[in-house]
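This report concerns only the one structure given below.
The values are calculated or read from the model by the stated rules, or taken from the named source; none is laboratory data. Keep in mind the model is a prediction, meaning the values are calculated, not measured. Note: ideal-geometry Cβ built from the backbone for every residue, glycine included; neighbour counts use all protein chains shown.
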Amino acid sequence: MSEDRLMGESALKQLAGIALEHSKAEQTEVRVLTGRWGLTRFANSTIHQNMASENVEMSVRAVFGKKVASASSNILTEEGIRALVDRVVEMARLQDENPDFVSLPGPTEQPRFAEAYCPDTAASSPEERARMVAKLVAECDKVDATAAGSCLARVYERAVLNSLGVGTYFKGTAASLTTVVTGQDGGFGYASRMASSIRDIDASEVGGEAAKLAWESRNPMDLEPGEYEAVLTPYATASLIGMLGWAGVHALPYQEGRSFMSGKLGRKIVGDSINIWDDALDPRVLISPYDAEGVAKQRVEIIKNGIASGILYNSYTAHREGKKSTGHASGHNLIMAPGDATLEQMIASTKRGVLITRFHYTNLAHLMTVTMTGMTRDGTFLIENGKIAGPVKNLRIQQSVIEALNNVDMIGRDLILEENTLAPALKISKFRFQSATQF
Amino acid sequence: MLENLDARSFCDGVLECARSLGADYADIRIVDRNDEYIALRTGKVEHLDNTSSSGFGVRVLVDGAWGFSSSPHLTIEDGRRVAREAVRIAKASLTLKRKDIKLAPVDPQEAKWESQFEIDPFDVPLEEKIGLLRDADAALRRNEKVKITDCSMTFWRQHHVFASTEGAFIEQTKTESGAGIAATAIEGAEVQRRSYPASFGGDYATAGYEFVKSLNLVDHAEEIARGAVELLSAPPCPAGDHTLILEGSMLALQVHESCGHPIELDRVLGMESSYAGTSFLTPEKLGKFKYGSEHVNITADATLTEGLGGFAFDDEGVPAQRTEIIKDGIFQGYLTSRETASQLGWKSMGAMRADGWDRIPLIRMTNINLLPEDWSFDDLIADTPDGIYATGIQSWSIDDKRLNFHFATEVAREIKDGSLGKLYKNPMYSGITPEFWGSCDAVCGKDEWHIWGVPNCGKGEPGQSAHVGHGVAPARFRKVRMEGAK
């Protein structure tokens with residue numbers, strides 16, 4: 001085992017090989033994951049939870065014709081692996097047939113590859129994370145504000161082998177630093193960064209950005225709910241775009257007729273300026289070249305110039321339509337194309353509107369219209385005649401994402417990775433605020 | 001896994017190592033979990049999954065700062081490595097220490113507890129479990145406008161050992177079961193869903209397979225399917241301020257979001273402010289703040305071990321307790337840990353639980369219960385000349401201090417002249433927590449009271465999912481803001 005405590009490609013494939021060899025199923029898929037993470041949480045400007053863990057886990061999918069079962073375990077002695085395989089094979093034999101199941105996927109071409117493993121992150125220590133938090137807190141101390149948040153460093157590897165010849169291996173790292181800053185007189189601020197390399201995250205910059213917001217948002221005033229123009233920072237846009245991911249960019253809801261895309265492929269659904277795609281190999285996202293079935297991830301245009309253009313398939317949903325998997329058996333990495341505006345230009349062009357730093361606790365209030373509810377949080381401001389008039393108390397939004405993307409006036413030029421979505425700022429001409437809260 | 005381990009000797013060895021490296025306090029949890037999830041979707045078994053995971057986590061206090069590390073490798077060598085790492089992490093925490101963490105006292109216990117069940121769900125043949133779901137699925141799909149069905153059951157067994165440098169050694173084994181069905185009717189762009197006995201997978205309890213059998217899923221399938229189809233042509237819920245009667249599972253979620261979370265003392269003290277948020281129920285409000293009307297009496301009760309939030313000891317070795325949270329509408333108490341309770345000069349009421357061996361314990365809800373009054377449901381409807389009866393969870397959202405909330409339910413029925421009337425689709429209601437509970441003027445009685453199991457309460461980083469319970473009976477609220485999506 002190396003310094004990063006990963007086992008390496010040959011060791012993972014060897015473990016998977018034990019399972020494949022032992023399986024009596026007609027088709028067998030074995031996924032082995034190992035990983036290690038360290039997470040430093042802080043609140044009230046002190047480290048209050050500080051953790052590390054590692055795990056090694058195997059998932060096995062066994063297939064007899066159209067009968068499929070899955071099981072997983074983290075007991076990976078030879079005896080443990082054989083017991084896991086025996087269990088899943090027995091489950092699959094007892095299983096009912098799924099008429100839509102065709103086959104596990106076969107091997108796919110190597111994806112265009114981008115490095116996602118950063119030794120700096122893999123080797124990061126609790127002392128380094130504590131130093132980063134201290135730098136962030138120092139920025140908050142300057143405005144007499146307290147910081148809460150987390151600093152994460154994670155290293156992981158995954159091998160997927162199946163009896164049809166799939167044999168992929170991938171290792172990567174992820175780091176993040178996120179903070180919510182509580183300032184004086186009801187002020188709050190937020191900032192967040194995610195990257196593959198922990199060295200790409202400037203803790204002072206994160207702290208400074210959030211502390212500035214907490215200072216500027218103190219003494220918020222009441223604002224009557226209603227319809228306003230809205231300027232969304234990239235953090236807020238990421239929640240909006242992320243909601244599309246929940247509401248049906250994958251094939252299963254599309255096929256079942258409960259996606260906003262159902263029956264609309266090839267038709268214009270949002271404004272011409274909107275371009276959204278999925279690309280897990282874009283170096284600006286946390287790269288993942290293969291999905292959980294070991295299929296190479298494809299770039300998929302989801303909305304192109306406002307037109308519904310594509311959906312994301314795993315092998316099961318692809319086989320249902322006689323198509324090939326796009327490599328989306330596990331999650332998505334949505335990217336929205338930037339425009340050319342700055343946040344300042346968006347504010348300057350707003351007659352009377354609301355600047356939203358980010359949203360909290362968003363949920364789908366209505367599926368087919370992708371109507372999102374949720375609160376604004378950590379810096380909400382009234383804009384009047386092209387200038388920030390002052391902070392306002394948080395507002396509840398109730399807004400169709402589709403309608404909002406039909407009313408985009410300006411798109412920001414800078415993108416931020418938030419909640420695994422790469423998003424720009426947006427200026428939206430009509431945005432519905434349903435109610436207000438008391439802070 | 002645990003049966004092959006001398007748990008006491010392993011724990012002693014790891015704790016002694018932590019102490020020798022400078023830990024003033026240390027505890028260890030060994031956890032062995034086994035889960036089974038079976039799900040049919042529209043006639044096809046899409047999930048037949050079994051997951052097992054075992055490992056241990058070590059938590060240490062060094063000079064008043066926390067460290068935690070964990071591993072799946074249950075060997076004494078790795079136990080010592082993990083203890084060393086936990087101490088190193090705690091020392092890194094000292095970089096930003098502003099005050100010492102202190103733990104409220106607890107009497108260290110030696111105990112063994114197993115939850116009760118009649119039928120071991122892991123012994124029930126798979127064919128029987130799949131067969132039950134298949135029968136329910138077939139009954140749902142007899143209605144041709146039902147295009148999607150979901151029928152599932154889930155079983156969990158967790159065996160865990162807790163030991164501390166204070167001398168505690170507690171073994172607990174908990175078996176939990178749950179199941180549910182749902183029908184989605186689709187016609188053009190109209191999509192409507194009804195579920196039984198509750199949304200998002202059904203209802204859950206600390207029990208065995210007998211609980212799943214008691215739900216009589218097949219017998220309820222036809223009604224659920226018809227309900228979803230009827231909603232396709234129903235008008236939207238009318239907007240306005242309405243008298244609202246909430247059905248049990250929806251009210252359970254209302255209790256969860258607007259009472260359960262804001263009484264978590266770690267939230268109150270800012271420890272979760274960067275993620276889930278804080279709370280409006282700050283300590284100066286204890287004993288005087290009017291949270292709700294005199295009809296609102298809420299307890300946190302882990303001693304009701306049949307509920308999903310029941311247990312014998314929490315993950316700090318504190319015995320399960322029943323704590324008054326709201327008494328006659330007045331705010332009285334919190335969910336606490338040893339660390340947070342000490343800040344108020346209290347003892348812990350025992351609400352610390354961790355989601356597995358690789359997570360630290362956090363303050364989690366136990367069974368947060370709205371106590372019953374004496375109304376029958378029929379009498380409550382009959383007593384309501386004009387209102388809305390809302391059933392089933394559709395969506396939920398609440399602000400980061402737990403004041404401004406918004407819920408959508410699966411369905412609403414008009415209440416007119418004391419009788420249930422026409423159906424409304426896409427109902428939504430919203431409000432401000434103390435105003436909403438202040439408008440409660442009736443709670444149904446024991447016959448309608450049930451502890452709903454919620455197996456997916458999210459909190460913390462990395463994310464943890466807790467199993468919690470909410471005992472409620474339908475209740476009535478006045479002047480609630482409602483609307484309906486078209």
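Couple of notes before you dig in:
- Residues in the stretch B:380-406 that are in contact with a Lys or Arg (Cβ under 7 Å, 6 or more places away or on another chain) and within 14 Å of chain A (Cβ to nearest Cβ): B:D400, B:N404, B:H406.
- Among the residues of the stretch A:402-417, the ones that are surrounded by fewer than 23 Cβ atoms within 10 Å (Cβ to Cβ) and away from chain B (no Cβ under 14 Å) come to 11 in all.
- The residues of the stretch B:1-59 that are among the basic types (K, R) and in contact (Cβ under 8 Å) with a residue 40 or more places away in the chain, listed by number, are B:R8, B:R19, B:R29, B:R33, B:R41, B:R59.
- Residues of the stretch B:407-428 that are facing chain A (nearest Cβ under 7 Å) and closer than 14 Å to B:L244 by Cα: B:A408, B:M428.
- Taking the criterion of being within 14 Å of another protein chain (Cβ to nearest Cβ), surrounded by 20 or more Cβ atoms within 10 Å (Cβ to Cβ) and more than 24 Å from A:R5 (Cβ to Cβ), the residues of the stretch A:102-139 that qualify are A:L136, A:V137, A:E139.
Residue-wise test of (1) charged (D, E, K, R); (2) part of a helix (DSSP H, G or I); (3) crowded, with 20+ Cβ neighbours inside 10 Å; (4) at negative phi.
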residue: B:S9; (1), (2), (3), (4): no, yes, no, yes
residue: B:G13; (1), (2), (3), (4): no, yes, no, yes
residue: B:R29; (1), (2), (3), (4): yes, no, yes, yes
residue: B:V60; (1), (2), (3), (4): no, no, yes, yes
residue: B:R80; (1), (2), (3), (4): yes, yes, no, yes
residue: B:A90; (1), (2), (3), (4): no, yes, yes, yes
residue: B:R98; (1), (2), (3), (4): yes, no, no, yes
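- Test: residue in the stretch B:366-379 that is within 14 Å of another protein chain (Cβ to nearest Cβ), in a loop (DSSP other than H, G, I, E, B), farther than 30 Å from B:E414 by Cα and touching a residue at least 24 places away in the same chain (Cβ under 8 Å): no
- Residue, nearest to B:E316 (Cα to Cα), within the stretch B:79-92, restricted to residues that are in contact with an Asp or Glu (Cβ under 9 Å, 6 or more places away or on another chain) and facing chain A (nearest Cβ under 9 Å): B:A90
- Restricting attention to the stretch B:39-52 and to residues that are in contact with a Cys (Cβ under 9 Å, 6 or more places away or on another chain) and not charged (D, E, K, R), the residue that is nearest to the other protein chains (Cβ to nearest Cβ) turns out to be B:L40.
- Residue ID - surrounded by the fewest Cβ atoms within 10 Å (Cβ to Cβ), chosen from residues in the stretch B:162-187 that are within 22 Å of the chain's Cα centre (by Cα) and among the β-branched types (V, I, T): B:T173
- Within the stretch A:354-369, residues that are more than 7 Å from chain B (Cβ to nearest Cβ) reach partners that are outside any strand (DSSP E or B) with beta carbons closer than 6 Å, at six or more positions or on different chains, in the pairs A:I356/A:A236; A:T357/A:T233; A:R358/A:Y235; A:R358/A:A236; A:F359/A:A236; A:F359/A:S239.
- Pairs where the first residue, in the stretch B:433-451, is among the hydroxyl-bearing types (S, T, Y) and the second is crowded, with 19+ Cβ neighbours inside 10 Å and part of a strand (DSSP E or B), C-beta under 6 Å, 6+ apart: B:S439/B:F477
- Across the stretch B:100-155, the qualifying residues are those that are small (G, A, S), more than 11 Å from chain A (Cβ to nearest Cβ) and surrounded by fewer than 16 Cβ atoms within 10 Å (Cβ to Cβ), and the one among them that is farthest from B:A312 (Cα to Cα) is B:A138.
Yes/no per residue for (1) of a type in the set (A, V, I, L, M); (2) under 30 Å from A:V206 (Cβ atoms):
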| residue | (1), (2) |
| --- | --- |
| A:E227 | no, no |
| A:A230 | yes, yes |
| A:P234 | no, yes |
| A:T237 | no, yes |
| A:G242 | no, yes |
| A:V249 | yes, yes |
| A:L252 | yes, no |
| A:E256 | no, no |
| A:G263 | no, no |
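- The criterion of at least 3 residues that are among the small types (G, A, S) and over 19 Å from the mean Cα position of the chain (by Cα) is met, among strands (runs of 3 or more DSSP E) falling completely within the stretch A:145-195, by A:146-162.
- Of the set (1) over 18 Å from B:S177 (Cβ atoms); (2) assigned to a helix (DSSP H, G or I); (3) of a type in the set (G, A, S), all apply to B:A104 but (2).
- Of all residues in the stretch B:264-298, those that are surrounded by fewer than 22 Cβ atoms within 10 Å (Cβ to Cβ) and not in a loop (DSSP other than H, G, I, E, B) total 4.
- Restricting the search to strands (runs of 3 or more DSSP E) fully inside the stretch A:3-77 and requiring at least 1 residues that are touching a Pro at 6+ places or on another chain (Cβ under 7 Å), facing chain B (nearest Cβ under 8 Å) and at pLDDT 95 or above gives A:27-43, A:46-64.
- B:L371 meets all of the listed conditions (1) surrounded by fewer than 24 Cβ atoms within 10 Å (Cβ to Cβ); (2) closer than 29 Å to B:A225 by Cβ; (3) not β-branched (V, I, T) but one, namely (2).
- Hits in the stretch A:363-384 - residues which are under 25 Å from A:K264 (Cα atoms) and in a strand (DSSP E or B): A:N363, A:L364, A:A365, A:H366, A:T371, A:M372, A:T373
- Selection within the stretch A:394-423 - touching a helix residue (DSSP H, G or I) at 6+ places or on another chain (Cβ under 6 Å) and not in a strand (DSSP E or B): A:V401, A:E419
- Every listed requirement among (1) over 23 Å from A:A147 (Cα atoms); (2) modelled with pLDDT under 95 is met by A:A195 save one, (1).
- Checked against (1) closer than 18 Å to A:G412 by Cα; (2) touching a residue at least 12 places away in the same chain (Cβ under 8 Å); (3) among the acidic types (D, E), A:E344 passes all but a single condition, namely (2).
- Scanning the stretch B:323-348 for residues being touching a residue at least 12 places away in the same chain (Cβ under 8 Å), small (G, A, S) and in a loop (DSSP other than H, G, I, E, B) gives a total of 4.
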